[in-house]
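The values are calculated or read from the model by the stated rules, or taken from the named source; none is laboratory data. These numbers were taken from a predicted model, which means no experiment stands behind them. Quick reminder, even Gly has a Cβ in these numbers, built from the backbone with ideal geometry, and neighbours come from all protein chains shown.
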Amino acid sequence: MGHVSILDKILDEASMLHCHIGPFLALGLKAGLRAIEALGYDPFEMRARILVPRASTPYTCFADGVQYATGCTLGKLNIEILEGGELGAVFTLGSRKLVLRVRENILAELERSPNSMEDARRIMRMRLVDLFEEELAEEL
């Protein structure tokens, strides 16, 4: 299969970890890629807290995308999943913190077709501002 873009390639590779391509995996990838863009890449020092409305699929699929993009893993204990509230993530590296929340309209749209490969590929091409509300700060 030919790849249209590097984003398609990243999504295809992440699907090897996750075992299928879906939009929640793509959202996690986009969040993780934004985290390394904003904070830097350090899979040992970065921490990721994944926030899910319920600790069940498809919401937890978001975590696999974050793990693939950032290198934060359950084995290194630098990622955790917290249930309740919105879908998003809090990333920290050193004194910097990035909070990403999936926009309500995006979440509502994806809940209607949580396993659509077409939606996943579309998400990979969407602008971050259209997917997430973002806060970037220095922690004191």
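Scanning segment 57-74 turns up no residue that is more than 21 Å from I106 (Cβ to Cβ), at pLDDT 95 or above and not in a loop (DSSP other than H, G, I, E, B).
How many of the residues in segment 109-132 are touching a strand residue (DSSP E or B) at 6+ places or on another chain (Cβ under 6 Å) and either surrounded by fewer than 14 Cβ atoms within 10 Å (Cβ to Cβ) or at pLDDT below 95 (or both)? If you could, list the steps in order and put the result at the bottom.
Residues of segment 109-132 that are touching a strand residue (DSSP E or B) at 6+ places or on another chain (Cβ under 6 Å), as a first pass: 132.
Now narrow it down to the ones that are either surrounded by fewer than 14 Cβ atoms within 10 Å (Cβ to Cβ) or at pLDDT below 95 (or both): none.
Of the residues in segment 109-132, 0 are touching a strand residue (DSSP E or B) at 6+ places or on another chain (Cβ under 6 Å) and either surrounded by fewer than 14 Cβ atoms within 10 Å (Cβ to Cβ) or at pLDDT below 95 (or both).
If you go through segment 81-108 and keep only what is exposed (fewer than 14 other Cβ atoms within 10 Å of the Cβ) and out of contact with any Gly (no Cβ under 9 Å at 6 or more places or on another chain), you end up with L82, E83, G84, G85, E86, S95, E104, N105, A108.
Just to verify a result, which residue in segment 2-44, among those that are of a type in the set (V, I, T) and not in a loop (DSSP other than H, G, I, E, B), is farthest from V66 (Cα to Cα)?
Within segment 2-44, the first condition is being of a type in the set (V, I, T), and the residues that meet it are 4, 6, 10, 21, 36.
Filter again for not in a loop (DSSP other than H, G, I, E, B), leaving 6, 10, 36.
Numbers: I6: 17, I10: 12, I36: 10 Å.
Filtering segment 2-44 for residues that are of a type in the set (V, I, T) and not in a loop (DSSP other than H, G, I, E, B), the one farthest from V66 (Cα to Cα) comes out as I6.
Taking the criterion of being in a helix (DSSP H, G or I) and in contact (Cβ under 8 Å) with a residue 40 or more places away in the chain, the only residue of segment 96-106 that qualifies is I106. Quick check: anything in segment 38-46 under 19 Å from E134 (Cα atoms), buried (at least 19 other Cβ atoms within 10 Å of the Cβ) and not polar (S, T, N, Q)? Yes.
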